[in-house]
Amino acid sequence: MLRTSVSARRLDILEWLKDPAAHFPEQRQGDPVEDGVSADAVAAKLCVPRKVAETHLSLLVAIGALRTKRIRRRTYYRRDEVRIAEVARMFEKGW
């Protein structure tokens, strides 16, 4: 599972979501820091179709690195810092 989750694009997404206000434009709904960013914003930043971005985001959600929040018809994504810290500790201990 972890092997498939590692890619430069997914690592970029995680890095950008550390400080979403600095990496993504303002959104109509939701605060990028509190609520997260939309798949459209991630797709634009990656220069890929939204479906490709959604695939990357879905995988990051599945492994617990991202949390989702629905606002109206859109899903917003933000980092799950607690889960990321847990995984980092597992690797530090030698898993």
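The values are calculated or read from the model by the stated rules, or taken from the named source; none is laboratory data. Everything numeric here is computed off the predicted structure, so don't read it as measured data. Because the Cβ atoms are built from the backbone with ideal geometry, glycine has one as well, and the counts that use them run over all protein chains shown.
Brief remarks follow.
- Highlighted here are the helices (runs of 4 or more DSSP H) found entirely within the chain that include at least 2 residues which are free of Cβ contacts under 8 Å to residues at least 40 places away in the same chain, surrounded by 14 or more Cβ atoms within 10 Å (Cβ to Cβ) and within 12 Å of the chain's Cα centre (by Cα): 8-16, 39-46, 50-62.
- Residue that is modelled with the lowest pLDDT, among those in region 73-95 that are farther than 19 Å from Glu15 by Cα and out of contact with any strand residue (DSSP E or B) (no Cβ under 9 Å at 6 or more places or on another chain): Trp95
- Condition check for Lys93: among the basic types (Lys, Arg) and farther than 18 Å from Lys18 by Cβ: yes
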